[in-house]
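**Student:** Structure provided below as structure tokens; questions to follow.
The values are calculated or read from the model by the stated rules, or taken from the named source; none is laboratory data. If you're wondering where the values come from, they're calculated on a predicted model, not measured in any experiment. So basically every Cβ, Gly included, is an ideal-geometry build from the backbone, and we count neighbours across all protein chains shown. Surface accessibility is based on the protein's heavy atoms, side chains included, excluding ligands, DNA and RNA. Shrake-Rupley method; radii C 1.70, N 1.55, O 1.52, S 1.80 Å.
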Amino acid sequence: MGSEPSPPQLLPPPLPLRTERLVLRTVVASDREAIGDYCAKPEVTRYLPFPALDDEGLTKRLDRLVAATAPSTVGEFLALAVEFDGVLVGDLMLRFSARHGDDAPPSIAELGWVFAPEYAGRGFATESARALIDLAFGHYPLHRVMAQLDPRNVASAALCERLGMRHEAHTREDFADRDGTWGDTAVYGLLRREWAAL
Ligand SMILES: CC(C)(COP(=O)(O)OP(=O)(O)OC[C@H]1O[C@@H](n2cnc3c(N)ncnc32)[C@H](O)[C@@H]1OP(=O)(O)O)[C@@H](O)C(=O)NCCC(=O)NCCS
């Protein structure tokens, strides 16, 4: 009996990552209060794929984030807590979304970010997402990272621009917004060779 070829195993990421001001580490159960605080705010979740979290929603989200430590295949993701001065100020995600070839490792990943409004406007999202992109291309064998967002989310679009991502597409009315209207999507992308030239 022949066995199916399995994709090469990806090594777990070398965490924590340290930047000039921040520490990026895996999410742990005791982050519940800090993450719950900003994820309960409707202005924070306005453009996220989930509404402001109640206790039950927070439990589900936290369980997912805590488990997301070593993605290896499409559909899995890495979740990172971002700490400034020992305080959790936000969280980041890198989700493998595609691969090219049955026995190939993931080649495309999607970025995500959520920060506490009290820590906005200080470049923390930029600094930490830059480190995550470095991990995406430096540790993982990715060819492309991308972000998709509601174009009305100007803070997120500006973050993509600061990260050197290119605005690649604007698709019209392609998702049902929570407010009962059709929303647009903006796609930003960064290729490995562009990252290497940043
Ligand atoms: C998207 C989000 C992470 C962006 O946060 P942010 O605070 O705007 O981004 P940064 O932390 O990188 O800060 C950038 C700001 O700090 C300023 N800044 C100060 N020091 C800086 C530094 N060292 N480096 C970069 N920017 C710096 C920038 O000029 C910019 O100011 P501006 O907003 O007046 O232009 C935040 O709005 C958020 O969490 N939103 C809710 C969740 C969400 O919508 N997620 C995305 C779903 S697609």
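**Student:** Checking A186 against (1) within 16 Å of the ligand (Cβ to nearest atom); (2) touching a residue at least 24 places away in the same chain (Cβ under 8 Å); (3) exposed (fewer than 13 other Cβ atoms within 10 Å of the Cβ): exactly one of these is not met. Which one?
**Tutor:** So the condition that A186 fails would be (3).
**Student:** With the structure loaded, tell me whether G101 is part of a loop (DSSP other than H, G, I, E, B), under 15 Å from V44 (Cβ atoms), out of contact with any Phe, Trp or Tyr (no Cβ under 7 Å at 6 or more places or on another chain) and open to solvent by 20 Å² or more (accessible area, probe 1.4 Å) or whether it fails that test. Break it down into steps so the answer makes sense when it comes.
**Tutor:** Values: part of a loop (DSSP other than H, G, I, E, B): yes; under 15 Å from V44 (Cβ atoms): no; out of contact with any Phe, Trp or Tyr (no Cβ under 7 Å at 6 or more places or on another chain): yes; open to solvent by 20 Å² or more (accessible area, probe 1.4 Å): yes.
Spelling it out, it is not the case that G101 is part of a loop (DSSP other than H, G, I, E, B), under 15 Å from V44 (Cβ atoms), out of contact with any Phe, Trp or Tyr (no Cβ under 7 Å at 6 or more places or on another chain) and open to solvent by 20 Å² or more (accessible area, probe 1.4 Å).
**Student:** For region 142-160: of the residues being of a type in the set (S, T, N, Q) and either within 6 Å of the ligand (Cβ to nearest atom) or in a helix (DSSP H, G or I) (or both), which is least open to solvent (accessible area, probe 1.4 Å)? Explain how you work it out, then say what you get.
**Tutor:** In the first step, residues of region 142-160 are kept if they are of a type in the set (S, T, N, Q); the result is 148, 153, 156.
Filter once more, keeping what is either within 6 Å of the ligand (Cβ to nearest atom) or in a helix (DSSP H, G or I) (or both): 153, 156.
Numbers: N153: 36, S156: 14 Å².
Step by step, filter region 142-160, then rank; the result is S156.
**Student:** Taking the conditions exactly as written (crowded, with 21+ Cβ neighbours inside 10 Å, over 22 Å from R166 (Cβ atoms), within 15 Å of the ligand (Cβ to nearest atom) and among the hydrophobic types (A, V, I, L, M, F, W, C)), does V82 satisfy them or not? Break it down stepwise before answering.
**Tutor:** Values: crowded, with 21+ Cβ neighbours inside 10 Å: yes; over 22 Å from R166 (Cβ atoms): yes; within 15 Å of the ligand (Cβ to nearest atom): yes; among the hydrophobic types (A, V, I, L, M, F, W, C): yes.
Criteria met by V82.
**Student:** Right, next: Within region 55-66, is there a residue that is more than 13 Å from the ligand (Cβ to nearest atom) and in a loop (DSSP other than H, G, I, E, B)?
**Tutor:** no
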